[in-house]
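Here's the structure we're looking at; comments come further down.
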Amino acid sequence: MQLASAGIDENVVSEIARDYYDVYGSPHLVANLACDEVFEKGEESFIYVNIMNNGQITGFKANKKEIEDDIMEYGETVTRAHMSNELLSDRAITTADSMTATLSIVDPDAPIKIKQGTLLLGSLNSGKSLSSPAKFPIKIYDNAKAGTYDLQLYVAYRYQKDSAVTPPYGDTFYWFEDMNQTMTLQIVIEEEPYFRVSNVESDLRAGDKKTINVTYTNTGEQVARECIARISVVDPFTTTDDQAYLGDMYPGESRTAIFDLNVAKDATLKDYSINSEIKYKDERGKSQYSDNLKIPVYVGPADPLNASVAVGVVLLIGIIGTPVYMISRKKKENNYKRYMENKETKTNEK
C-alpha cells in the first residue's frame with residue numbers, strides 16, 4: 001500500500017503550474033528479508049531487511065503554451081536551456097528521501113518482541129538497494145508457539161513530485177510530497193523440543209548431604225531422544241553425581257532427575273540457583289543442548305536433630321569416661337599403698 005500527502009507553498013504552486021513539463025511517476029519500495037527467516041524459541045537475534053526502490057517515470061507532458069510564450073519573451077536559447085534543466089531535475093521524482101522504517105508485529109499476541117522498531121535509512125534512488133540491510137533487534141519468547149508470524153514494515157519518506165526552472169535566471173522551485181508504504185514480512189518459529197524446570201523437591205541444610213529431585217518438561221513440539229540432564233554447581237555446593245539419564249521425552253512429557261548434593265557447613269542461608277541443561281538428540285539424530293535451565297533451591301539452617309546427636313555423643317563419652325577415670329585412679333592409689341606397706345615390712349625385718 002502506498003499513500004501520499006501534499007503541502008506546498010502558494011508561490012511554488014504558481015511557478016509549478018507554469019512549468020515546462022508535467023512529469024508522472026514516483027518511488028516504489030520493495031522489502032524482503034536479508035537473513036534466514038527461521039528462528040528458535042528463546043532466541044535473541046536480528047531481522048535484516050533489504051529495501052529496494054524500483055520506482056519508474058511513467059511519462060512527461062510538455063506545456064507547449066508556456067514554452068512558446070517563454071521563447072517569444074526570452075529567446076529560444078535561454079528557454080531551451082531552462083527546459084533541459086527542468087527535465088533533468090524532474091527525474092528525481094523516483095527518489096525516496098529521508099526514509100524512516102518502522103517494524104511492528106501484526107498480531108499483538110505474537111511471542112515476539114522487537115527491541116528497536118524504528119530506523120532512519122536516508123535516501124534511495126530508483127534502481128538501488130540499501131547499501132546494508134536495515135537491522136532490527138528482536139527477542140523470541142521462551143514459550144513461543146511454533147508457526148509463521150507476520151511482521152509489518154512501514155516506511156515513510158518524501159519525494160520530489162515536480163519542479164520548475166523559471167526564466168530569465170533559471171530559478172528552480174520544488175514540489176515535495178510525503179509518502180508511505182506498508183509491506184508485510186514473515187518469519188517462522190521452528191518446531192523443536194524445548195525444556196523447562198517444572199518442579200523442584202529439596203530440603204537442603206548447611207552441612208548436609210542430600211538429594212534433590214528436579215522435574216523437567218518438554219514444552220516444545222518435537223520429541224527429544226536420549227535426554228541427559230546435567231547440573232553445574234559452585235560454592236556452597238559440591239557433587240560427584242552431576243548427570244541423570246531421562247530417556248526419550250515427547251512433547252508435553254516430564255521426567256524427574258535425582259542429583260546428590262553436598263552443602264558446605266558455612267553456607268549462607270538463602271535462595272540459590274543451580275545451572276542445568278539437557279543434552280539430547282533431535283529428529284535427525286544430531287546432538288543438541290537446551291538453554292540454561294535454572295534450578296531454584298533454598299539452603300536452611302543445620303538440622304537441630306543432627307546437632308543434638310553430636311552433643312549427645314560428647315555427653316555419652318563424658319559419662320562413660322568418668323567411672324573409668326575413677327577406677328583407674330583408685331587402682332593407682334591401692335598399688336601405691338601396697339608398695340609402701342611392703343617397703344615398711346622389709347625395713348622392720350632388718
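The values are calculated or read from the model by the stated rules, or taken from the named source; none is laboratory data. Here the structure is a predicted model, which means the values were calculated and not measured. Virtual Cβ from ideal backbone geometry, glycine too; neighbours counted across all protein chains shown. Heavy atoms of the whole protein, side chains included, go into the accessibility calculation; ligands, DNA and RNA do not. Shrake-Rupley method; radii C 1.70, N 1.55, O 1.52, S 1.80 Å.
Of the residues making up the range 59-75, those that are in a helix (DSSP H, G or I) and either open to solvent by less than 40 Å² (accessible area, probe 1.4 Å) or free of Cβ contacts under 8 Å to residues at least 12 places away in the same chain (or both) are LYS64, LYS65, ILE67, GLU68, ASP69, ASP70, ILE71, MET72.
Scan the range 181-195 and give yes if some residue there is more than 30 Å from ARG284 (Cα to Cα) and of a type in the set (Val, Ile, Thr), otherwise no. Give the derivation first.
Keep residues of the range 181-195 that are more than 30 Å from ARG284 (Cα to Cα), which gives 181-184.
Next, only the ones that are of a type in the set (Val, Ile, Thr) stay: 182, 184.
Checked against the condition, which is being more than 30 Å from ARG284 (Cα to Cα) and of a type in the set (Val, Ile, Thr), the range 181-195 yields at least one hit.
Total residues in the range 123-165 satisfying the condition of being assigned to a loop (DSSP other than H, G, I, E, B) and touching a residue at least 12 places away in the same chain (Cβ under 8 Å): the figure is 11. If we scan the range 45-58, do we find a residue that is surrounded by fewer than 16 Cβ atoms within 10 Å (Cβ to Cβ) and among the β-branched types (Val, Ile, Thr)? Looking for residues that are surrounded by fewer than 16 Cβ atoms within 10 Å (Cβ to Cβ) and among the β-branched types (Val, Ile, Thr), one finds at least one in the range 45-58, hence yes.
Kindly indicate whether SER98 is open to solvent by 60 Å² or more (accessible area, probe 1.4 Å) and at pLDDT 95 or above.
Working: open to solvent by 60 Å² or more (accessible area, probe 1.4 Å): yes; at pLDDT 95 or above: yes.
Yes, satisfied.
Would you please name the residue that is least open to solvent (accessible area, probe 1.4 Å), looking only at residues in the range 174-215 that are among the aromatic types (Phe, Trp, Tyr) and more than 30 Å from VAL12 (Cβ to Cβ)? Walk me through it before giving the result.
Residues of the range 174-215 among the aromatic types (Phe, Trp, Tyr): 174-176, 194-195.
Within this subset, residues satisfying the condition of being more than 30 Å from VAL12 (Cβ to Cβ) are 194-195.
On the way: TYR194: 30, PHE195: 10 Å².
So, considering only residues that are among the aromatic types (Phe, Trp, Tyr) and more than 30 Å from VAL12 (Cβ to Cβ), the one least open to solvent (accessible area, probe 1.4 Å) is PHE195.
Only a single criterion out of (1) in a loop (DSSP other than H, G, I, E, B); (2) more than 31 Å from the chain's Cα centre (by Cα) is not satisfied by TRP175, namely (1).
Taken together, ASP150, ASP171 contain a single residue that is modelled with pLDDT under 95, out of contact with any Asp or Glu (no Cβ under 6 Å at 6 or more places or on another chain) and open to solvent by 50 Å² or more (accessible area, probe 1.4 Å), which is ASP171.
The selection criterion, being surrounded by 13 or more Cβ atoms within 10 Å (Cβ to Cβ) and more than 30 Å from VAL188 (Cβ to Cβ), holds for VAL78. Please find, within the range 18-44, the residue that is farthest from ALA144 (Cα to Cα) out of those that are open to solvent by 70 Å² or more (accessible area, probe 1.4 Å) and either modelled with pLDDT under 85 or in contact with a Gly (Cβ under 8 Å, 6 or more places away or on another chain) (or both). Checking each candidate, the answer is TYR24.
Just to be sure before I move on: is LYS265 farther than 30 Å from GLU43 by Cβ, modelled with pLDDT under 90 and not polar (S, T, N, Q) in the structure I sent? Talk me through it step by step, then tell me what you get.
Details: farther than 30 Å from GLU43 by Cβ: yes; modelled with pLDDT under 90: no; not polar (S, T, N, Q): yes.
For LYS265, the condition - farther than 30 Å from GLU43 by Cβ, modelled with pLDDT under 90 and not polar (S, T, N, Q) - is not met.
When ASP271 is tested against (1) open to solvent by 70 Å² or more (accessible area, probe 1.4 Å); (2) touching a strand residue (DSSP E or B) at 6+ places or on another chain (Cβ under 6 Å); (3) of a type in the set (Asp, Glu); (4) closer than 20 Å to THR219 by Cβ, only condition (4) is not met. Being of a type in the set (Gly, Ala, Ser) and over 30 Å from TYR149 (Cα atoms) is the filter; apply it to the range 178-213 and report the residue that is nearest to the chain's Cα centre (by Cα). Once the filter is applied, the top-ranked residue is SER202. How many residues are aromatic (Phe, Trp, Tyr), surrounded by fewer than 16 Cβ atoms within 10 Å (Cβ to Cβ) and farther than 14 Å from GLU192 by Cα when one looks only at the range 233-268? Going through the range 233-268 one residue at a time, the tally reaches 1.
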